[in-house]
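Student: The following block contains the structure, expressed as structure tokens.
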Amino acid sequence: MIGYTTVGTNDLEKSRSFYDALLETIGAKRLMQLEEGFTGYGKEMGAPMLCVTPPFNGEPASVGNGMMVALEAESRDEVDALHAKALELGAPDEGAPGIREPEEMGFYAAYFRDPDGNKLCAFKVG
């Protein structure tokens with residue numbers, strides 16, 4: 001159902017560096033880079049992507065209260081690796097890897113923020 005999710009940035013090169021390094025942890029890479037800065041990451045064209053860009057209206061990017069991008073991992077180890085990589089890249093920790101309630105759901109997740117303050121979740125169900 002979701003084609004792509006976009007987060008705004010006030011420092012495109014810093015965001016690209018962050019997402020280049022972070023997303024290679026799960027086998028994703030830069031798939032699209034438009035002249036005006038819109039940059040798309042994914043595993044392959046035609047699959048869901050995460051995009052970063054300066055806001056189209058020219059106003060400063062700001063974090064949406066309650067907005068979060070969830071990155072599905074292949075395993076709990078991959079969740080751990082994404083969280084560790086994010087912290088290594090200077091991301092603020094918003095929640096260490098672990099099972100979230102209710103336990104029977106098997107939702108294993110970790111939370112952190114990108115350089116612009118956008119909240120991200122790495123997760124694996126099961």
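Student: Tell me which of these residue 103 doesn't satisfy, since it passes every other one: (1) of a type outside the set (A, V, I, L, M); (2) out of contact with any helix residue (DSSP H, G or I) (no Cβ under 9 Å at 6 or more places or on another chain); (3) crowded, with 16+ Cβ neighbours inside 10 Å.
Tutor: (3)
Student: I would also like to ask the following. Which is of a type in the set (Val, Ile, Thr), touching a residue at least 40 places away in the same chain (Cβ under 8 Å) and within 16 Å of residue 121 (Cα to Cα), of 9, 5, 53?
Tutor: 5
Student: Shifting gears a bit: Within the range 18-28, which residues are surrounded by fewer than 17 Cβ atoms within 10 Å (Cβ to Cβ) and either in contact with a Lys or Arg (Cβ under 8 Å, 6 or more places away or on another chain) or more than 24 Å from residue 77 (Cβ to Cβ) (or both)?
Tutor: The answer is 20, 21, 27.
Student: For the range 1-34, which residues satisfy the criterion of being of a type outside the set (Ser, Thr, Tyr), in a loop (DSSP other than H, G, I, E, B) and modelled with pLDDT of 95 or more?
Tutor: Within the range 1-34, 10, 11, 27, 28 qualify.
Student: Identify all residues within the range 88-98 that are surrounded by fewer than 18 Cβ atoms within 10 Å (Cβ to Cβ) and closer than 23 Å to residue 43 by Cβ; write none if there are none.
Tutor: 88, 89
Student: Also: State all residues of the range 35-49 that are touching a Ser or Thr at 6+ places or on another chain (Cβ under 8 Å) and either closer than 16 Å to residue 69 by Cα or assigned to a strand (DSSP E or B) (or both); if no residue qualifies, say none.
Tutor: 39, 48, 49
Student: Considering 66, 117, 90, 95, which residue is on the phi > 0 side of the Ramachandran plot and in a strand (DSSP E or B)?
Tutor: 95
The values are calculated or read from the model by the stated rules, or taken from the named source; none is laboratory data. This structure is a prediction, so every number in the text was calculated from the model and none was measured. Virtual Cβ from ideal backbone geometry, glycine too; neighbours counted across all protein chains shown.
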